[in-house]
Every structure is written in C-alpha cells, then in structure tokens.
Amino acid sequence: MRPAFDLKPLVTTVFLPSAIFGIGQGAGAPVLALLARELGAPLPVAGLIVALVAFGAVLGDLPAGRIVARLGERRAIIGGTALGAVGVGVSIAAWNPVVLAVGALLTGFSNAVWGLARQSYLAEAVPMEARARAMAMFATMWRLGNFLGPFVGAGAIHLVGVRGGLVVQVTGVVLAGILMARAPETRRASSATEAAVPAGLGAMLSRHRVLLCTLGAGSLLMGAARASREAVLPLWASHIGLDAVTVSIVFGIGGAVDLLFSYPAGILMDRYGRRVVAVPSLVIIGVAFLMLPFAGDVVSLTVVAVVLGIGNGLGNGVIMTLGADTAPPETRAEFLAAWRLTHDSGMFVGPFLVGAVAAVSLAAGAVTIGGLAMAGAACMFRFVPRYSPWPRRVLQPVTSAATTEPAGPVPDSGTDLVDTVTNRTR
C-alpha cells in the first residue's frame with residue numbers, strides 16, 4: 001500500500017501564498033465600491049465596477065489555458081502577478097470611475113490566469129489519492145486569508161484612507177506571486193517542447209462539449225449559488241432593517257462556519273468520492289436560500305448564514321478537484337480554462353439574476369437561487385459518477401488478460417483516471 005502523500009512541501013510554495021493572496025483580496029474587495037463612490041460614480045455604476053472584477057475573470061478564462069500551456073505554471077504565475085499588480089495599481093491611482101473600471105477589469109483578468117496556473121500546478125504535482133485534500137487545503141487557506149483580509153484592510157484604511165485596502169491587496173498579490181514562483185517545475189512543464197502546440201479554448205469547448213454541458217452545468221449552477229449569497233444576504237439584512245455592523249457580524253459568523261467545514265471536505269472527497277460533498281453542498285445552500293424569506297430578525301438571519309456557511313464550506317475545493325479529475329494530461333491547462341469558464345460564468349451571472357428577479361421581489365430572488373442550487377445538486381448527483389467515478393484506482397500494467405472488468409463507463413474527456421475497482425473475479 002502506498003504511503004499517504006505528504007502535503008508539507010506545498011506549505012510555503014502553495015498554501016501560504018494562497019492565504020496571503022486571500023488576505024489581499026479580502027482587504028481590497030470591500031473598498032472598491034466605496035472608492036467608486038468617492039470618485040463620483042452613482043450607485044449603479046459603482047455596482048458595475050465591482051462586477052467588472054468577475055467579468056475580467058471570465059474574459060481571462062478564455063486565453064488563460066494557452067498562456068499556462070505555453071509558459072508553464074511558474075512563469076504564468078509570475079505574469080499573472082505582474083498583471084495583477086498593474087491592475088490594482090491602476091485602481092489605487094484612479095482619478096475617475098473609468099480608470100477604476102480599467103483597473104478592476106485587469107485585476108479580474110489576472111485572477112483568472114493566476115487561479116488557473118495554481119490549479120494546474122496542483123493537478124500535476126499531487127497524486128490522485130491526495131488531490132482533493134490538496135485542493136481543499138489550498139481553497140481553505142484562501143478563504144482564511146479572505147476572512148482575515150477585511151480586518152487587515154481596516155487598519156490600512158485607518159492610516160491612509162479608503163485606498164489603503166487596495167494597498168494591502170497589491171502587497172498580497174506581489175508577495176504571494178514571489179512565494180509561489182519558488183515552486184519546483186512539474187514533470188510535464190519540465191518535459192514540454194517548443195513543438196507542442198496548445199489547443200485553443202474553442203477546440204476544448206467543442207471536444208468536451210458533452211462534459212461541459214452536463215457536469216459543467218452543475219459547476220455553473222454552483223458558481224451562481226455561491227456568488228449570489230454575497231448579494232442576497234446583505235440585501236435581505238437591509239430589507240429587515242439591520243445595520244451594517246450587525247450584518248458584518250452575521251457574515252463573520254457564517255464565514256467562520258464555512259472555514260470549519262472546508263478542510264474536512266477534502267478528506268471526505270479523497271475517502272468517499274466527489275459526489276459525497278458536491279451534492280449535499282448544493283442541497284444545503286439551496287435550503288438556506290429557501291429559508292431566507294422566513295428570516296425576520298437577526299437570530300433567524302444568523303441561522304441562514306450558518307447554514308450557508310456549512311453548505312459553502314462542504315463544497316470547498318470540489319470544483320477544482322473535479323476539473324483536475326477530468327482534465328486530459330496532454331491538454332490539462334487548456335481543458336481547465338474551459339472548465340473554470342463554467343464556474344466563473346455562474347459567479348458572474350448569479351448576482352445579476354438575483355438583481356433582475358429582486359426587481360419584482362427579493363424573496364422571489366432568494367427562492368430562484370435556491371431552486372437553481374437544487375438543480376445543480378441534481379446535475380452533480382447524475383453526472384459526477386460518470387466523469388469522476390468512485391471507487392477509483394491508478395492505472396496499472398496489464399500482467400494477465402484475465403479477470404478485470406470496468407466498474408462503470410470511462411470518462412469521455414480523455415482523462416488519465418479511470419473508474420475501476422480492484423480486480424474482481426467473474
């Protein structure tokens with residue numbers, strides 16, 4: 001039996017940079033709308049500028065696969081770091097809302113390149129039996145940093161004004177990039193040749209259209225549900241008359257619960273498969289959204305925030321892990337770009353859908369997202385076993401023509417993983 005893969009070597013080159021990057025994101029995100037307002041943008045424009053970060057990530061997903069495939073993970077991280085520093089720097093120096101919007105778009109674009117390079121690196125460097133733990137730890141450290149970021153940003157804002165949050169963000173981007181650039185090259189990156197021509201995103205979308213329209217639909221719906229909670233919860237809190245301080249405390253409680261469930265999710269996935277967390281995560285998120293219209297005070301809203309935290313934490317790392325499971329080794333980065341596009345598109349569209357439905361009724365918006373989360377759970381229940389089946393084993397050399405048979409359908413994505421159990425005698 002193979003010894004358990006040790007994640008300790010990844011602490012300083014992957015996990016710590018993820019936490020630092022998260023601190024920067026957590027410090028910068030809350031002040032973007034405030035800076036837009038300070039520069040004279042009306043409320044709708046300020047909201048649009050904030051949304052441009054997510055839109056930039058969607059745009060960044062389009063070329064990110066080719067960038068990572070051509071440059072390798074380490075150099076893509078260095079390039080993404082430089083672009084991210086420029087984007088946040090433009091935002092810091094912005095003298096009007098248009099310049100701030102450009103900075104937000106560049107920041108989102110760089111986040112896509114950075115995120116894809118990190119995911120591709122882990123998928124290549126960590127063996128399959130420890131993959132979910134590694135992805136979950138990576139995402140947990142980011143969430144921890146994102147949880148601490150607003151507190152660090154508050155100190156900087158106190159010292160230098162609202163742009164202080166962005167100063168913390170650019171510092172986090174640069175420091176995280178420097179640390180992660182120290183990671184050793186993977187075998188694939190080391191053996192890459194100039195003759196290898198990366199496949200384009202269009203080719204990936206066409207080649208894997210069945211996977212992306214089935215399992216990818218679950219990924220999109222999970223992205224929409226996750227992003228919508230950050231819009232629906234504060235809007236509902238305002239609707240029932242809670243002040244900003246109370247809302248922040250409620251968010252903090254939900255975020256703490258989220259963190260508590262984040263790493264255990266990776267352990268569960270490595271032991272029992274991906275579906276065991278993907279489906280319950282979306283069901284719990286859906287239930288929380290369906291509960292929201294009945295939350296009429298701070299206690300009931302806190303209960304909803306806690307349930308959302310459980311659901312979101314339980315799904316920690318599952319999208320990254322499923323992407324790594326289904327990615328063909330020879331075009332891993334390009335496939336992951338197409339895969340990330342499904343989730344990032346959901347995160348971009350979700351809040352806009354909430355806004356559109358909330359124009360009629362905020363309660364209807366919450367119920368709509370709850371229904372979409374349930375639909376996402378159904379997609380995951382149906383298609384995770386097809387593309388990331390369980391039990392699993394690593395491919396072994398065939399020593400006999402004899403007694404093995406597959407336990408289920410082999411994924412149609414060209415993946416290097418197969419859905420088999422140990423040899424069975426007929």
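The values are calculated or read from the model by the stated rules, or taken from the named source; none is laboratory data. For clarity, every value in this text was computed on a predicted model and none was experimentally measured. Methodologically, a virtual Cβ is constructed for each residue, glycine included, from the backbone with ideal geometry; neighbour enumeration extends over all protein chains shown.
General observations
- Among the candidates Arg143, Arg131, residue that is of a type in the set (D, E, K, R), assigned to a helix (DSSP H, G or I) and modelled with pLDDT under 80: Arg131
- Single residue of Ala231, Ala227 found to be closer than 30 Å to Phe383 by Cβ, crowded, with 19+ Cβ neighbours inside 10 Å, modelled with pLDDT under 80 and small (Gly, Ala, Ser): Ala231
Residue-by-condition table, conditions (1) free of Cβ contacts under 8 Å to residues at least 60 places away in the same chain; (2) in contact with a strand residue (DSSP E or B) (Cβ under 6 Å, 6 or more places away or on another chain); (3) farther than 16 Å from Leu179 by Cβ:
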residue: Ile77; (1), (2), (3): no, no, no
residue: Ala85; (1), (2), (3): no, no, no
residue: Ser91; (1), (2), (3): no, no, yes
residue: Gly103; (1), (2), (3): yes, no, yes
residue: Gly108; (1), (2), (3): yes, no, yes
residue: Ala132; (1), (2), (3): no, no, yes
residue: Trp142; (1), (2), (3): no, no, no
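- Total residues in the stretch 234-257, condition loosely packed, with under 15 Cβ neighbours inside 10 Å and under 19 Å from the mean Cα position of the chain (by Cα): 1
- Residue check for Arg271: surrounded by 18 or more Cβ atoms within 10 Å (Cβ to Cβ) and in a helix (DSSP H, G or I): no
- Of all the residues in the stretch 281-302, those that are free of Cβ contacts under 8 Å to residues at least 40 places away in the same chain and crowded, with 17+ Cβ neighbours inside 10 Å number 2.
- Leading residue by the ranking (farthest from Phe251 (Cα to Cα)) among those in the stretch 316-332 that are of a type outside the set (Val, Ile, Thr) and in contact with a Lys or Arg (Cβ under 8 Å, 6 or more places away or on another chain): Pro329
- The condition of being of a type outside the set (A, V, I, L, M), outside any helix (DSSP H, G or I) and either crowded, with 24+ Cβ neighbours inside 10 Å or outside the structural domain of Met204 (by TED's automatic domain parsing) (or both) does not hold for Asn312.
- Count of the stretch 355-371 residues which are surrounded by fewer than 24 Cβ atoms within 10 Å (Cβ to Cβ) and assigned to a helix (DSSP H, G or I): 11
- Contact annotation: residue pairs with Cβ atoms under 8 Å, 6 or more positions apart or on different chains, pairing a residue in the stretch 346-363 that is touching a residue at least 12 places away in the same chain (Cβ under 8 Å) and under 29 Å from Cys213 (Cβ atoms) with a partner that is in a helix (DSSP H, G or I) and polar (S, T, N, Q), are Gly346/Ser219; Gly350/Ser228; Pro351/Ser228; Leu353/Ser228; Leu353/Thr368; Val354/Ser228; Val354/Thr368.
- Given (1) hydrophobic (A, V, I, L, M, F, W, C); (2) buried (at least 21 other Cβ atoms within 10 Å of the Cβ); (3) at pLDDT 85 or above, index of the condition Val102 fails: (2)
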